[in-house]
Amino acid sequence: MKNSIYRQFWKYTIPTVAAMLVNGLYQVIDGVFIGHYVGADGLAGINVAWPIIGSILGIGMMVGVGTGALASIRQGEHDIEGAKRVLSTGLLLLVALMPIVTATLLLYSDDFIRWQGAEGRVYQLGLQYLHILSIASVFSLGSIAVPFLLRNDGNPNLATTLMVIGAVVNIVLDYIFIAYLGWELMGAALATGIAQLVVTLLGVSYFFTNKAQLRLTLRDMKVQFNLIPKIILIGTSSFFMYAYSSVMVAVHNALFAQYGNELLIGAYAIVGYIVIIYYLVAEGIANGMQPLVSYNHGARNQDNIRKLLKVAMGSSVLGGVAFVILLNLFPHAFVSIFNNTDQSLIESTVLGIHLHMFALFLDGFLVVAAAYYQSVNKGGKAMFVTIGNVLILLPFLYVMPKLYGVTGIWIAFPLSNIALSVVVYMMLMRDIRLSTDIQPTRTHLQSPEL
C-alpha cells in the first residue's frame with residue numbers, strides 16, 4: 001500500500017538515522033583527530049568538557065522534540081495555525097535560552113572540570129574546548145533542534161542534507177585547525193561551532209520559504225507563553241537523556257581519576273565515541289517514529305501506533321544486539337580508529353568495551369520507550385524512563401567500585417540498564433493494553449504523508 005504505516009515509518013526513519021549518524025560525526029570526528037594528533041590527554045580533555053556540552057545539546061533537544069511533537073499533534077488535529085504558533089514559539093525559545101547557557105558556561109565550567117579530577121594538561125585542554133563553545137552556544141542549541149523541526153514539517157531528507165553539510169564543514173575544519181595548524185582542542189571547538197552555525201542558519205531559513213508546510217513570516221514570530229510549559233513538558237525527557245548522559249560521564253570521569261588515572265578517562269572517551277554510533281541509530285529510529293505516532297495519537301488511530309512501536313522497538317534492539325556482537329569480535333579494529341600507537345590506552349579501551357557494553361542494546365529499548373511516551377503526550381512517563389537511568393545507575397556506581405575497583409566502574413552501567421529495562425518493560429506493556437481497551441481503533445485510516 002502506498003500509504004502503509006510501515007512504509008511511512010521507514011520513509012522517516014532511514015533519513016532520520018542517517019541524519020543522527022551524520023550529526024554524531026561532530027563528536028566522533030573530533031575524537032578521531034584528537035586521538036591521533038593530541039593523544040590520550042586530548043581525549044581525556046574533551047571527555048571532561050563533554051558533560052557540559054551534552055547539557056547544552058540536551059536543552060536544544062528538549063525544545064526541538066517538544067516543539068516538533070506538539071506541532072505534529074496540532075497538524076493531526078488539522079489545526080495548521082496552531083502548529084505554526086507552536087513552531088514560532090519554539091524557535092524564539094531557543095534564542096531566549098542563549099544568554100542563560102552562555103553565562104552558566106562562563107561562570108561554572110572551570111569548577112566542573114576540576115570536580116571530575118582533571119589536572120594539568122587535561123584541565124587546560126578541557127577549558128580550551130569549553131571557552132570557544134560557550135560563545136557559540138546558540139548554534140549548538142539550534143543545530144540539535146532544527147533537524148527535529150524539519151522532520152516534523154515533512155522534510156526529513158532536508159534535515160539529513162543539512163547534517164551532511166555540517167559534518168563535511170566540521171571534518172574539513174578539523175583537519176585545518178587540528179592536524180595542520182595544531183590548535184588542539186581549541187581547533188576542535190572552532191570547527192564544531194562553525195559547522196553548527198551553518199546547520200542552524202540554513203535550517204531556520206527554510207521555514208521562511210514557500211517550501212515549508214508551516215511557512216513562517218516575520219509577523220508570525222511571536223511567543224505564545226502558554227505553549228512554553230507544554231513544549232518543555234513533552235521535551236523534558238529528551239533533556240534528561242542528555243543530562244543523564246552528561247552526569248554519568250562526569251561521574252565516571254571522577255571515579256576513573258580516583259581509582260585509576262587520567263589515561264582511563266581517555267579510554268572511557270573512546271568507549272563513549274563508539275557508544276555514540278549505536279545510540280544515535282537508536283535515537284534516529286525513535287525520532288523517525290515520533291512524528292507518525294504523534295499524528296496518529298491526534299487522529300486517535302491506536303492500531304497504527306502499536307505497529308509503529310513494534311517496528312521501532314524491534315529494529316532498535318536487534319540492531320543493538322548485532323552491534324554488541326561486532327564490538328566483541330573486533331574490538332581492536334574499533335579502537336584503532338581513534339588511536340593505534342598508545343598500547344596502554346588501547347588495552348584499557350578494549351577491556352572497557354568487553355565490560356561496559358555487553359547490555360548496550362537495552363539502551364535502544366529505553367530510548368524508543370521514552371520517545372513513545374513523548375509522542376503520545378505523556379511527558380511525565382517519558383521523564384520517568386530517563387530519570388530512572390540516573391536513580392538506578394548511581395547506587396551501582398557507588399557500590400561496584402568499592403567492591404571491584406576499576407572493573408566495578410566499567411560494569412555498573414550494563415547492570416543498571418538490565419534492572420531499569422525490566423521495570424520499563426512492565427510499565428510499557430501495561431500502558432499499551434490500557435490504551436487498546438480505552439481508545440477506539442480506526443484501522444481503516446492511514447496517516448497522510450506529513
- Message: For the range 30-52: of the residues being open to solvent by 20 Å² or more (accessible area, probe 1.4 Å) and within 16 Å of the chain's Cα centre (by Cα), which is nearest to Met313 (Cα to Cα)?
- Response: Trp50
- Message: Between Asn328, Asn304, Asn287, Asn296, which is open to solvent by 10 Å² or more (accessible area, probe 1.4 Å), closer than 30 Å to Ser237 by Cβ, among the polar types (S, T, N, Q) and touching a residue at least 12 places away in the same chain (Cβ under 8 Å)?
- Response: Asn287
- When restricted to Ala282, Ala269, the only residue open to solvent by less than 10 Å² (accessible area, probe 1.4 Å), at pLDDT 90 or above and either of a type in the set (S, T, N, Q) or farther than 24 Å from Arg121 by Cβ (or both) is Ala282
- Message: If I ask for residues that are more than 27 Å from Gly266 (Cβ to Cβ) and among the polar types (S, T, N, Q), which ones from the range 385-435 would you list?
- Response: Thr386, Ser421, Ser435
- Restricting attention to the range 289-345, the residues that are farther than 25 Å from Val38 by Cα and over 22 Å from the mean Cα position of the chain (by Cα) number exactly 17
- Take the range 366-396 and flag every residue that is surrounded by 20 or more Cβ atoms within 10 Å (Cβ to Cβ), aliphatic (A, V, I, L, M) and in a helix (DSSP H, G or I). Leu366, Val367, Val368, Ala369, Ala370, Ala371, Ala382, Met383, Val385, Leu393
- the range 129-186, subset under 18 Å from Phe207 (Cα atoms) and outside any helix (DSSP H, G or I), residue least open to solvent (accessible area, probe 1.4 Å): Asp153
- Members of the range 332-360 found to be crowded, with 20+ Cβ neighbours inside 10 Å and out of contact with any His (no Cβ under 7 Å at 6 or more places or on another chain), listed by number: Val335, Phe338, Leu345, Ser348, Thr349, Gly352, Ile353, His356, Met357, Leu360
- Note on the structure: The lone condition Lys310 fails out of (1) under 29 Å from Glu77 (Cβ atoms); (2) crowded, with 18+ Cβ neighbours inside 10 Å is (2)
- Query: What is the number of the single condition among (1) surrounded by fewer than 24 Cβ atoms within 10 Å (Cβ to Cβ); (2) assigned to a helix (DSSP H, G or I) that His78 does not meet?
  - Reply: (2)
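The values are calculated or read from the model by the stated rules, or taken from the named source; none is laboratory data. Source: prediction; values computed, not measured. All Cβ positions, even for glycine, are placed from backbone atoms using ideal geometry, and neighbour counts span all protein chains on display. Keep in mind that these areas ignore ligands, DNA and RNA; they rest on the heavy atoms of the full protein, side chains included. Shrake-Rupley method; radii C 1.70, N 1.55, O 1.52, S 1.80 Å.
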